[in-house]
Structure formats: C-alpha cells, structure tokens
Amino acid sequence: MWFTTLDAGIFYQSGLNVYSKPLSESHPSDPIMAVFADDDQLYYGTKDGRLYTYNKANDRLDLILETGSEVQFIEKSRETLLAGIKWVPGANQKRVDSIFLLTAWDAWSETGKDSIWLYGQKKGWEENLYPIAFIDRYEGHYYRQIESILEWNNVLYAGGREGLYQLPKPGLNDWSFIESFNAYWIVDMTAADKYLFCATKGHGVVVFDGENSWTISTQDGLPLNHIETILTENDSVIWLGCKRGLVRMSWSDTPKEVELVSIDSKDGLISNEVNDLSISGKTLWVGTHTGLSFFQTDIDFSIKAAPEIYLEQLIVNDSVCSLESHPVFKSDSRVFDFHFTGLSFRSAQQMNYLYRLKGFDEDWNETTNRSVRYMLPGGQYTFEVWAQNSSGNWSDKAVSYSFEVLLPVWQRPWFIALVVLFIMGSAWILFRWRIRILRRQNQLELQMARSQHAALTAQLKPHFIFNALNSIHNFIRKNDKESSSKYLTLFSKLIRQILVNSNQTVVSLKEEMDLLEKYLEIEQLRFKDRMTYEIVIDPDIQLEEVRIPTQLIQPYVENAIWHGIMNKEGKGHIQLRLTLKGKELHCQVEDNGVGRQASESMKSNLITHKSTGMDSGQQRLELIRSILKRPASVEVEDLVNDKNEPLGTRIIIILPLISHDSN
C-alpha cells in the first residue's frame, strides 16, 4: 500500500496483515532472543537479560525482571514461568517471584505441561526445588555438545554439533548415534505426527521419519541453509526462522514435496533476523533483533498477481538509445546492454528473469540481474525477457524488442557480388595475360632455338669445314703426321662437342670454354706462327656452376680472327677474358688486328662471314633479355694509340648469371 502526505513525501507499507512492536524505548538495541505466548500473556527475553511481558488485550509492555545474562529460552509449566539464562551468580537455579531461573544448561525441551528436559551441568542441582527431568553432561557424556532435546514417539532425541542421538528412557545412559545425521550440526528440533524436523547450521532442515532422512535446503527454495529456530503449527505446517526472515513450510502427503512461502520485511516483519518463535491460538509471535512481530497464521502471503515486465533502457556502445520500434543501427554498433525490470513490490529483489536474443541464441537463459550485455555482429535480432516473482508466478507475456544491425560494407551482398565479379574478371585477365606470356615465351624459345640452330650453322658452315679439312690434307701431303694427327683429333672433338651442345639451351661455362679452347687450337695450328691466343678466367668464377647459352661466344671469337688478324701483317693475338661483376658475367674478346674501319675498306669475304655470326649473336642476346627479363648486351670498342692509329678491337659480351638448374 502507498500513502501520500502533505509534507513528508510518499510512504510504502508492504501490508496490513503483520503487526509489530519495536524494542523498548529505553533499550532500543537489545535483541529479542526468546519468546513464549499463552492465551493471555506474551513473555520475551532479550540478549542483555531482560524479561518483558506484553498484555495483548490492552497493548501494554512491562519489564518484569533483569537477570543480568542472556535469556536463552522461556517455558511455562504448572503455572510457573521457566526462564533459561546463561548464568546466575551462585546457583544453577533460582526462583524470583513467580519466575524460576535456570542456568548452565545447554539444551532444553518441553515434554508436557508438567515437566522440562534439561541437558547440562547437574552439579549443585536441588531436585526438591522443581520437578525437572535432566541429563547431566558430567555423567560420562561431557564430550557431547547437545543443543536441542525433544521427546517424539516415546523416544528422547538429542541433537548437537555431532549429529542426532536417541536416548532410551528412563536410564538415559545408553546413547545411540544415528549415522545418517553425522554431517549435520543440529541447533533446534520440532515434530509433527509422523516426522521429526531438525534445524541445522549449514544444511537447511533435515526431515526424519524414524528410518530415513532427507534435507530441504536453498535448492528447494529456502532463503538460507542456516536455520535459527523451528516450530510446529500442526501436522502439515512448520515455521522456520533464519537471518533472512520466516519460511512457512507446508505439505499434503509427504514433506519431500513441500510448499515454501518466504515472509520478510517486505511483507511487514520488523526485522529479517528471526531468533525465536511462539504460537498462541492462531497467532504467530516472532522475536527479532529489532522488535516483536505477530500475525495470524492462516494469512496467505503468496503473491497471486503476475509481475509486469518492462524494458527500461537500451545502451549501445555506452550511449543511451531510443526504444522505438524496430530501429536500424550502424555497422559499428557492437556492444548492446539491455536493462529491464519486473514489477512485483513484495518480491523486490527476489525476481527471476528468463531472456534470449533471437538471431543470436535460441536457448533461454536465467538470471537474477536486471541487465544483460551482448557483443553483436550485423544481423536482425529480437530480444525477449520474462519475469518471475518470489511466489513462482511468471509475467503474462514477455517484453519483446526487435532491431537490426547493419552489416559492414564488405559483408553486404552487393559488395560481395562486386568482389566476386572483380575476382572473376581479374582471374580472366590474369588468365589471358598468362596465355599471352606463354605464347610470347614459346615464340622466344622458338626463336632461341632457331638462333641456336643459326649459331650451329655458323660454326659448321662449309667454309670452316673446308678450310679445316684442307689444312689436314696439307699436313698429310707434307707427311707431317704429328700435325695432321693432332689437327684431326682436335677437329673431331670440336665437331662432336658442337653437336652435343646443340641439343641444350644452356651449358656450363666450363663446357663452353673447352669448346672455345679447341676451336682456338685448331685455328692456331692452321695459321701456325701468325696467331697466338690467351684465355684469362677470374678465380671467383665457378665454371661448373655458371651456366650460359650454348655456342654464344664462339662466333665473336671467330669474327675476331677472320676480321682482325687475317688482314694484319705480322703476328696476331686473341685474348679471351672472363670476369664476374655482381650478377653479370663479362666475356671480353680482344684482338690486335687492323680494326673495324680498315677491315671494312678491304671488303674481304670475311665481312660476310663475320656479319652472319655477329647478327646471330645479337639476336640471341635480345632473346635472352626478353625471356629472363635481365640485362644481356654486347659492346664493341675500337682500340687506338695516342696518334689515333688502330690497335685492334675489343668486344664485351654481358650475360646474366643463370643458375645451375636452369634449362
């Protein structure tokens, strides 16, 4: 119920069914530890040892005694009020007016209107003061820490830190431990017709039917597993008190299937810290840390109305967003915080929620929080949430919120289509370009093969073969057996190596040098004393590793002989020098002949011979540049003296280094 005032704001009262009395104004911080109610009067004791009486008829509260020690229990027998306290100076029991004080006892139980069971220190007990049945802890049972005693089905049960014992009467010396209770610390007990109920510290309520036992705990709906006090209303209703209020536990056939209803400050209790309970007629009296509460036990505290559920707020990327219908968020919206609440005032913080985000997860998730967070990619989503109050009632319908997060540009269908078209177009262009490259490469290789064939033809032209054979014939005619044999051997080896190399595109530099050396030896034998030659190789060059196009250098050497030295008066000299410069091989062919200008003026037949070899070599160098995409060239330099007179010709062939595994 809500109340408005003229000058003090708004007040909320959880209900008008529970009535409360605060603690005494003179002692507002003295918790109530024990409560006893009969038809006319209510008695309660406090932690500081005060005993009060409350007259329900005239609503009057009176202090009747200050004991000086905490009041642990209050019972009434034979019209005498019994108050158990922790300590009384000088005696274990003491009568003050109509109140009988008991001290130094750890456990007690009312077994009828005329007797009380006590467990504790018997020493100094005067049995003639009051007829009380007791169990002395010093009669061989000191080690047992008993906190509650109860007679049920003509058997006395004692519960404590070790568990539960059976004590047969009347001897009370044969203690029988119940093994199924060895894990439970029992602080209080009560009984219905067929069941014994044990309140425990840490395990909720243990129910015992004489043979079997089972527990009722927070998993079944208890607010806490530490129960302070327990009280029987009838054979189907038990009341529990703990630090989080009251619990009404009821059942129809068996306590294994119980209905639990929690009652706390939201329902009107003056405090949630319940220490003791007492029933008088239909009224339940509740002693708490801050006062006394009481109400009729037949009140229905369950919440019948279904809770309402509302979506309070949506925060996207730390910015509050409007809750308009079906919004569309930008693609950079990633962090979504949904804040919601279920309205059920008496449930307050005891609401449960079920939620899911369709499009992200289809399973329902449970939480007691009022907000959830999602990290979302692009897509379409619907957030749904239900609320449940403490009585188990769900909201009539879920709150639903649909929205869309745009996909990034690169994930949108039109962009993907463009990318696919681009890739397909690029692949087609690349394919066509590759075909053209392969065709071009095939053409270059074909031209290289033709050029190589032309070089072979230049080396094996009839003019060279005729001159060689003619020289051999001259040696034979002159009966120069040694020269003819040597010339014939060199000529046959040269022809064989030329034919072998003609099947390969590239050969090792060593093979090419061997061929050139044989060729120069043949020419030197043919010209006798008119020609000398020299081959100089850079020591850094690995002849076996370096590869060069076959039959490339020989035409330039042959051209130097026929072009320069044949027209020179006196002895001619050919120098072949190989050097390594970075990744290039420099082949230098130098002669001391008449020079290019003098040779052209003579218009000898050697010009035609020379031009054919030079043209073939130039074509092959161009093909090498096209195929390998690396420099390949030839440089021709006229050598002159200080008077600008010709001294010969120098040809430098620049070739790229080719790896050993190239074809």
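The values are calculated or read from the model by the stated rules, or taken from the named source; none is laboratory data. Because the structure is predicted, anything quoted here is derived from the model rather than measured. Using ideal geometry, Cβ is built from the backbone for each residue, glycine included, and neighbour counts are taken over all protein chains shown. All accessible areas refer to the heavy atoms of the entire protein, side chains included, with ligands and DNA or RNA removed. Shrake-Rupley method; radii C 1.70, N 1.55, O 1.52, S 1.80 Å.
Numbers for the structure displayed
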{"item": "Square roots of five times the Cα gyration tensor eigenvalues for the range 322-377, Å", "result": "25, 14, 10"}
{"item": "Cubic angstrom per residue, convex hull over Cα atoms of the range 165-292", "result": "125 Å³"}
{"item": "Span from the the range 505-528 Cα centroid across to the the range 243-309 one, whole angstrom", "result": "118 Å"}
{"item": "Whole-Å distance, taken between Cα centres, linking the range 1-42 and the range 395-432", "result": "66 Å"}
{"item": "Trypsin sites (Lys or Arg not before Pro) within the range 351-444, DSSP loop, no more than 15 other Cβ atoms inside 10 Å", "result": "397"}
{"item": "Of all DSSP beta bridges in the range 487-598, antiparallel share, percent nearest 5", "result": "60 percent"}
{"item": "5 Å-binned pair-distance histogram of the range 338-418 (Cα, whole percent)", "result": "3, 13, 22, 19, 13, 10, 7, 5, 4, 3, 1, 0"}
{"item": "The range 1-77: equivalent-ellipsoid semi-axes (sqrt of 5 x gyration tensor eigenvalues, Cα, Å)", "result": "30, 16, 11"}
{"item": "Cβ-Cβ FRET estimate between residue 332 and residue 396, R0 fixed at 35 Å, reported to 0.05", "result": "0.40"}
{"item": "Two-decimal ratio, the range 37-84, of alpha-carbon radius of gyration to 2.2 N^0.38 Å", "result": "1.11"}
{"item": "Set 581/629; 56/194; 47/76; 21/194; 266/358; 486/571 screened for pairs whose C-alpha atoms are more than 27 Å apart", "result": "56/194; 21/194; 266/358"}
{"item": "Largest-first principal axis extents, alpha carbons of the range 267-318, Å", "result": "58, 26, 11"}
{"item": "For residue 49, distant residues with modelled amide H under 5 Å away", "result": "71"}
{"item": "Linear extension gain, residue 48 paired with residue 543, 0.36 nm per residue minus alpha-carbon span", "result": "167.0 nm"}
{"item": "Listed residues 512, 151, 259 arranged by accessible area, highest first, probe 1.4 Å", "result": "259, 151, 512"}
{"item": "Hydrodynamic radius of the range 259-417 per Kirkwood, over alpha carbon pairs, in Å", "result": "18.8 Å"}
{"item": "Rough spin-label spacing in nm, given labels placed 7 Å along Cα→Cβ, for residue 60 and residue 219", "result": "5.4 nm"}
{"item": "Accessible area of residue 189 in the full protein assembly, 1.4 Å probe (Å², nearest 10)", "result": "10 Å²"}
{"item": "Residue 369/residue 280 FRET efficiency (R0 41 Å; Cβ-Cβ; nearest 0.05)", "result": "0.45"}
{"item": "Modelled FRET efficiency - R0 51 Å, residue 569 with residue 422, Cβ distances, 0.05 increments", "result": "0.10"}
